[in-house]
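What follows is a set of notes on a single structure, which appears directly below.
Bear in mind these aren't lab numbers, they're just calculated from the coordinates by the rules spelled out. The structure presented is a predicted model; accordingly, all values stated were derived computationally and were not measured. When we count neighbours, we look across all protein chains shown, and the Cβ atoms used for this are built from the backbone with ideal geometry, even at glycine.
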């Protein structure tokens, strides 16, 4: 139905327009989750390639520390988004579930599918929901 409470007591849908806007928000956030996963994969591959080309050990240590911090921040953001998506699904509304799954599918297709047709393996997946 169109009456749903998502994540917060203040996020309630009581009309069809508010329900459809909430579904659109769920779709966009789940597609954004896939975009952030792609950013994390690119960040990790760039970090590993730049670490291999660094000649002196002092700048390499500073670069490695900043890369680890950036990777940790991206991982934290991805974890937060994935758990919020999981909590939204736990509203037990079929439309919310379908829009989150649709957003994950579209986001994967747009952001994470490589040109060669081989999917990239994601390491350190924050949860099993994606």
If 30, 66 are placed from fewest to most neighbouring beta carbons inside 10 Å, the sequence is 66, 30
When 45, 82 are arranged by how many other beta-carbons sit within 10 Å of their Cβ, fewest first, they go 45, 82
Roughly how many Å is it from the Cα centre of the stretch 1-40 to that of the stretch 70-93, as a whole number?
-> 13 Å
Note on the stretch 4-112: alpha-carbon gyration tensor, axes a ≥ b ≥ c; rule is a/c under 1.5 for rounded, else prolate if a/b larger than b/c, else oblate; result prolate
Could you calculate the contour length gain from residue 42 to residue 3, that is, 0.36 nm times the residue separation minus the distance between their Cα atoms, to one decimal place in nm?
-> 10.1 nm
Of the stretch 1-41, those with amide N under 15 Å from the point 7 Å along the Cα→Cβ vector of residue 90 are 5-9
Chain lengthening between residue 97 and residue 77 when straightened (0.36 nm per residue, less Cα-Cα) | 5.1 nm
How high is the relative contact order of the stretch 4-112, in percent, counting Cα pairs under 8 Å that sit 6 or more residues apart?
-> 49 percent
